[in-house]
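To start, the structure itself, in structure tokens.
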Amino acid sequence: MYLGKQVRLERIINRETGRVVIVPMDHGVTIGACRGLMDMREAVNDMARGGADAVLMHKGLIRCSHRAYGNDVGLIMHLSASTALSPNGNTKTLVGTVEEAIRHGADAVSVHVNLGDPDEKRMLADMGRVAEACDNWGMPLLAMVYARGPQIQNGFDPSVVAHCARVGVELGADIVKVVYTGSVEGFGEVVDACCVPVVIAGGERMDSTRDLLQMVYDSIQAGGSGISMGRNVFQHPDRVNLVRALRGIVHENKTVDEVIGLVKE
């Protein structure tokens, strides 16, 4: 691995644990302004106060949110986009470049690919080009890879999720983000198929904080390297303490019972 990429990765991935707590904040392009992200400076600062390793956002939000005050936090610039208003919402298109991310001071970039989508081939080609640019510039790449398409019967099936993870690593990702399969054994199969860190997505909003923490704990027991969770974190009523609890599980190997008391429902 190139030295520049390694230096930037260490701004995101904890060098002692090899794990990471990422909070994506790229939802505005997809669903519009949403609760928890109306004041971006406050949102980023809360994640930093809680101890998140990095936040993830589109290029336009960096100027009005990142490193405004408070504790420092890593920055991942997202390069993919689509909107819920489109009839082809699962088809992502590139809206940024690695060079732009460098100018914005990003520590990494991310792309989103939906396998099974009718336009899968273009998303794969886009990821390949971004991975090449990342190697040229020494920029880490996070790949969000999900199975979403008319022929996908179960996007949480371990073999399907493992396929998603494998696509990410084979096309050059340094971190792969996938859904949690629902079991330690099943997610272990996913991790075994990857030679780079695998983190889990948060998915739709969960009503139970304990269930959320248990999912994260189980993913770590399966060999996962942490989380990349958005709405389940930044929309939580006690989000700063939730991040502290998540950090306890991811970086300190604490159990759910050990951290649940930190968070108010």
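No lab work stands behind these numbers, since they all come straight from the coordinates. None of the values given here were measured: they were computed from a predicted structure. Methodologically, a virtual Cβ is constructed for each residue, glycine included, from the backbone with ideal geometry; neighbour enumeration extends over all protein chains shown.
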Query raised in the report: (i) 55, 43, 31; (ii) 50, 43, 31; (iii) 46, 41, 41: which one is Cα extents along the principal axes in Å as calculated from this entry?
Result: (iii)
Query raised in the report: For region 237-242, in order, what is each residue's ³J(HN,Hα) by Karplus, 6.51 cos²θ - 1.76 cosθ + 1.60 with θ = phi - 60°, in whole Hz (x at glycine and Pro)?
Result: x, 10, 5, 5, 6, 4
Query raised in the report: What nm distance separates the two modelled labels at ASN71 and ILE102, each placed 7 Å from Cα along Cα→Cβ?
Result: 3.1
Query raised in the report: Going down the table (LYS92/LYS264; LYS59/LYS264; LYS5/LYS92; LYS59/LYS254), which pairs top 30 Å between alpha carbons?
Result: LYS92/LYS264; LYS59/LYS264; LYS59/LYS254
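Taking 0.36 nm per residue of sequence separation and subtracting the Cα-Cα distance, how much length would be gained by fully extending the chain between GLU42 and GLU16, in nm to one decimal? Please list the in-between numbers first.
On the way: separation 26, 0.36 × 26 = 9.36 nm, distance 2.84 nm.
Fully extending the segment from GLU42 to GLU16 adds 6.5 nm.
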Report summary line: For region 152-169, in residue order, the Karplus 3J(HN,Hα) values (coefficients 6.51, -1.76, 1.60; θ = phi - 60°; whole Hz; Gly and Pro = x) are 7, 7, 8, x, 9, 4, x, 5, 6, 5, 4, 4, 4, 4, 5, 4, x, 6
Report summary line: The long-range amide H neighbours of GLY203, using H built 1.01 Å from N in the peptide plane and a cut-off of under 5 Å, are GLY230
Report summary line: A correct Karplus calculation of ³J(HN,Hα) over region 20-32, with 6.51 cos²θ - 1.76 cosθ + 1.60, θ = phi - 60°, whole Hz and x for Gly and Pro, returns 8, 10, 10, 10, x, 9, 9, 6, x, 5, 6, 10, x
Query raised in the report: What fraction, in whole percent, of alpha-carbon pairs in region 130-265 exceed 19 Å separation?
Result: 51
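Kindly give Rg over Rh for region 62-135, based on alpha-carbon atoms, with the Kirkwood expression for the hydrodynamic radius.
On the way: Rg = 14.1 Å, Rh = 13.6 Å.
A ratio of 1.04.
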**Report entry** Residues with amide H under 5 Å from that of LYS177, placed H, sequence gap 5 or more
**Finding:** ALA143, MET144, VAL145, VAL199
Report summary line: With only helices counted (DSSP H, runs n ≥ 4, each -39500 (n - 2.57)), the per-residue ellipticity at 222 nm for the chain, to the nearest 500, works out to -11500 deg cm²/dmol
Query raised in the report: Where the centroid of each part is defined by its Cα atoms, how far is region 195-239 from region 37-99 in Å?
Result: 18
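Quick one: compute the contact order of the chain, relative version, from alpha carbon pairs under 8 angstrom and 6+ residues apart, as a percent.
Numbers: 531 pairs, mean separation 49.0, N = 265.
In percent, rounded to a whole number, it is 19.
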Query raised in the report: Separation between the GLN151 and GLN235 pseudo-spin-labels, each 7 Å from Cα along Cα→Cβ, expressed in nm?
Result: 3.2
Query - the chain: most fluctuating residue of ALA48, ALA33, ALA133 per GNM, C-alpha cutoff 10 Å - result: ALA33
Requested in this report: Please give the length that would be gained between GLU258 and ARG129 if that part of the chain were fully extended, namely 0.36 nm times their separation in residues minus their C-alpha to C-alpha distance (nm, one decimal).
Outcome: 42.1 nm
